[in-house]
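A.B. asks: Quick one: structure below, then a few questions.
The values are calculated or read from the model by the stated rules, or taken from the named source; none is laboratory data. Please read all numbers here as calculations on a predicted model, not as lab measurements. Because the Cβ atoms are built from the backbone with ideal geometry, glycine has one as well, and the counts that use them run over all protein chains shown. Ligands, DNA and RNA are excluded from the accessible area calculation, which covers all protein heavy atoms including side chains. Shrake-Rupley method; radii C 1.70, N 1.55, O 1.52, S 1.80 Å.
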Amino acid sequence: MKRGFLLLFFAVAAAGFIALGLWQLQRRVWKLDLIARVDARVHAPPVAIPPPMQWPAIDAADDEYRHVRLQGRYLNDRATRVDALTEAGAGVWIMTPLITNDGTILINRGFVTREHEHDYDRPDGTVSVTGLLRMTEPGGRFLRANRPLDDAWYSRDVAAIATSRNLGSVAPFFVDADATAPGHYPIGGMTVVNFRNMHLIYALTWFALAGFCVAGVILALRQKPGDERH
């Protein structure tokens, strides 16, 4: 009885671990393809922002990090400062509405240190912007929820910022502006494009566990019928 149970347990476990390992290999192929597609978008020449009729269909898989260009006028008096932790240290992102012919689009103009969060360039008139299309970040960060009533922002939540600033209808995404002239705030071009790709390690871990289970099956098969009584 004990021998049969061990055989069944190790066989089922081995099959399960092998299935998980194969799934992780499939995920790795998907992730590598995603990384390649995103890399191509980031380094491609900027293209026009999609028209408003296409905005509801924009998603992370097909559109995020697309290099885009747009033109409009900043509403500098309705900018929002969003908490930022970057390689340059702690500070804020300057999220400013841009009025375009297609509608209002939030632009992450870039990073400003805490010391300069009220001291940065505010261009007047028509401006041209190039940058990377990004998806909204609703809610806030882990354990740091956005508090619109306190004007405390920890993520770039497009809808919540639009409501807080009375912007009306806005694009459901924002744009990370490209790098600005050295020495000027905000500092653009600080988008971090980094995809965690641990699928091969996970797959090898599952296959190793499957190997242990196969070893258990072999040991159970080698066990003599009388041994299980000892």
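A.B. asks: Any idea which of 92, 68, 82, 112 is of a type in the set (Val, Ile, Thr) and touching an Asp or Glu at 6+ places or on another chain (Cβ under 6 Å)?
C.D. replies: Just one listed residue meets the conditions, 92.
A.B. asks: Between residues in segment 130-149 that are over 18 Å from residue 55 (Cα atoms) and residues that are polar (S, T, N, Q) and surrounded by 14 or more Cβ atoms within 10 Å (Cβ to Cβ), which pairs lie under 6 Å by C-beta distance while being six or more apart or on different chains?
C.D. replies: Note: pairs meeting the criteria are 140/146; 140/155; 141/155; 148/164.
A.B. asks: Could I ask something else about it? Can residue 36 be described as modelled with pLDDT of 80 or more and surrounded by fewer than 17 Cβ atoms within 10 Å (Cβ to Cβ)?
C.D. replies: Here the answer is no, as residue 36 does not meet what is asked.
A.B. asks: For residues in segment 94-138 being surrounded by 15 or more Cβ atoms within 10 Å (Cβ to Cβ) and small (Gly, Ala, Ser), which is farthest from residue 62 (Cα to Cα)?
C.D. replies: Residue satisfying both the conditions and the ranking: 110.
A.B. asks: Another question, then. Could you tell me whether any residue of segment 54-65 is within 21 Å of the chain's Cα centre (by Cα) and of a type in the set (Val, Ile, Thr)?
C.D. replies: Yes - at least one qualifying residue is present in segment 54-65.
A.B. asks: Which residue pairs have Cβ atoms under 6 Å apart, sit 6 or more places apart or on different chains, and have a first residue in segment 5-25 that is under 14 Å from residue 201 (Cα atoms) and assigned to a helix (DSSP H, G or I) and a second that is among the hydroxyl-bearing types (Ser, Thr, Tyr) and open to solvent by 60 Å² or more (accessible area, probe 1.4 Å)?
C.D. replies: Qualifying pairs under 6 Å: 24/202.
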